[in-house]
Amino acid sequence: MTDQYWTRLVAEYTAMMQLGAEHPNAIFPDPSLRSLLEDPVDGEADYTPPHVLTRDLTLGEGPDSFEIRVYTPDAAEPSGSSRPLFVWVHGGAWAFGDLEGGESDMVSREVAARADAVVISVDYRLARDGVHFPVPLDDVITAYRWAVANCEELGIDAARTVLGGASAGGNLAAGAILRLADEGGVMPVAAVLAYPTVHPLLPPASAELQACLERMSPAARFAPEVLTPIVENYLGAPVDDAHPYAMAGVAADLSVFPSTYVMNCEFDGLRASGERFAEQLREAGVDVRCETVSGVGHAHFARPGLPQARQSHADLAAWVSSQASLPV
């Protein structure tokens, strides 16, 4: 049976790849902004990630299996009696991405080294060709529970666990928190949502963000014709049918969230979702840190050599350390 949502997304993606910068959704009204966001910067190619110990593991069996990568600091002994745990989930529109690259591997290495933490990076099953919600979320929950259950072998303190993700991964981290709260078990002590999308339709932009959006391409601002096929491919259903576990921004009660760090990008249409979700969390009584990284577009972690990405590595690691009550 043909998967209408995946078929539509593939067609949109193929058209974008074929036309490149000439595709209508890729055209910037302000070409200078495109240059600012996309051109290489001095020193970017010189980035070298820190060395940490890694091992890849398979969780589950057969078609339900998926990979995780465990990152452990080089230091033989933790700075305390045990290390904090950081469970990290990559983005990629729920349909792309893996354990490699800046957003997955480099972020994991940076946090492991800087925060003296064990990091679990989750290579969840992607929303492709019949795979939809809740499959990717199931895998994040499974990986989280596996790490908590194996805390002694991993050398971690499960009570000092931080759960986070970027873009679609931030969405999955948010959904996982709601589900963990409902299902019971060890909750994360803190959360990190980097440039997340947690609303099926983007909330209205602030006046300041709207001024940015008017300079950006439809793809960069995640116009409805760009975002809706992505979201519906994840859901396997129309956007109006989004479950709170799939889109945490529609949840009635967000008070179960731990202290949360929302990291947005200045020139990113998804900033409307991140900013609104930070407001919703505050309204629910949750401690929130919400910041915007200046001068970057969506997914700056994918370019780890950017000065802003390097600073975000430091900020993220410091957050993990502070929330786990350890010095940076």
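The values are calculated or read from the model by the stated rules, or taken from the named source; none is laboratory data. In this text, all values refer to a predicted model and were calculated from it rather than measured experimentally. Positions of Cβ are backbone-derived with ideal geometry, glycine not excepted, and every protein chain shown enters the neighbour counts.
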Of all the residues that make up the range 143-168, how many are outside any helix (DSSP H, G or I), of a type outside the set (D, E, K, R) and crowded, with 19+ Cβ neighbours inside 10 Å?
9
Report yes if Ala176 is within 30 Å of Gly295 (Cα to Cα) and either at pLDDT below 95 or not charged (D, E, K, R) (or both), otherwise no.
no
Could you check the range 225-246 and list, in sequence order, the residues that are surrounded by fewer than 24 Cβ atoms within 10 Å (Cβ to Cβ) and either in a helix (DSSP H, G or I) or under 16 Å from the mean Cα position of the chain (by Cα) (or both)?
Glu225, Val226, Leu227, Thr228, Pro229, Ile230, Glu232, Leu235, Val239, Asp240, Asp241, Tyr245
Would you mind stating whether Gly92 is on the phi > 0 side of the Ramachandran plot and surrounded by fewer than 18 Cβ atoms within 10 Å (Cβ to Cβ)?
no
Give the residues of the range 107-142 that are part of a helix (DSSP H, G or I) and either without any contact (Cβ under 8 Å) to a residue 60 or more places away in the chain or over 24 Å from Glu77 (Cα atoms) (or both), sorted by residue number.
Ser108, Val135, Pro136, Leu137, Asp138, Asp139, Val140, Ile141, Thr142
Just to be sure I understand, how many residues within the range 31-80 are surrounded by fewer than 14 Cβ atoms within 10 Å (Cβ to Cβ) and under 30 Å from Val226 (Cβ atoms)?
8
For the range 56-101, give me each residue that is modelled with pLDDT of 95 or more and aliphatic (A, V, I, L, M).
Leu57, Leu59, Ile68, Val70, Leu85, Val87, Val89, Ala93, Ala95, Leu99
Ser322 meets each of (1) touching a residue at least 24 places away in the same chain (Cβ under 8 Å); (2) more than 17 Å from Ala166 (Cα to Cα); (3) not in a loop (DSSP other than H, G, I, E, B) with one exception, condition (1)
